[in-house]
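The structure appears right after this line, and notes come after that.
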Amino acid sequence: MNLQEFEGQYREAMTEALNDLQTAVLLLAQLQDRISKIGNSVQHISERVEEFIADQKAE
């Protein structure tokens, strides 16, 4: 393998690695957003259940 072949393989491997890293970062951002939405949903459901329980006890 000569220097040009080595350089070509290096650049190709780096490009692939950076693309994979970018994809992982984008997936992480989507996952963080989804986790936040799920957390908000759980909090909303919890509040509704607490309100329902309080209403039932008041009757």
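The values are calculated or read from the model by the stated rules, or taken from the named source; none is laboratory data. Bear in mind that the values here come from a model prediction, so they are computed numbers and not experimental data. A quick note on method: Cβ atoms are made from the backbone with ideal geometry, for glycine too, and the neighbour counts reach across all protein chains shown. The accessibility values were calculated without ligands, DNA or RNA, using every heavy atom of the protein model including side chains. Shrake-Rupley method; radii C 1.70, N 1.55, O 1.52, S 1.80 Å.
Report, in debye and to the nearest 20, how large the dipole of the chain comes out about its Cα centre when Lys and Arg carry +1 and Asp and Glu carry -1 on their Cβ. Please report the intermediate quantities before stating the final value.
Details: 5 positive and 11 negative charges, 21 e Å.
Dipole magnitude for the chain comes out near 100 debye.
Toward the positive end of the charge dipole of the chain, with +1 on the Cβ of Lys and Arg and -1 on the Cβ of Asp and Glu, the farthest Cα among SER36, SER46, LEU26 is that of SER46. Within the accessible area of the chain, what % is carbon and sulfur when the probe is 1.4 Å and the other protein chains stay in place? Ligands and nucleic acids excluded, carbon and sulfur give 58 percent. Per-residue SASA remark: LYS37, around 110 Å² accessible (1.4 Å probe; ligands, DNA and RNA not included).
Other residues lying with their Cβ under 13 Å from the Cβ of MET14 contribute a combined charge of -3, Lys and Arg counting +1, Asp and Glu -1. Rolling a 1.4 Å probe over the protein heavy atoms gives the chain an accessible area of 96 Å² per residue.
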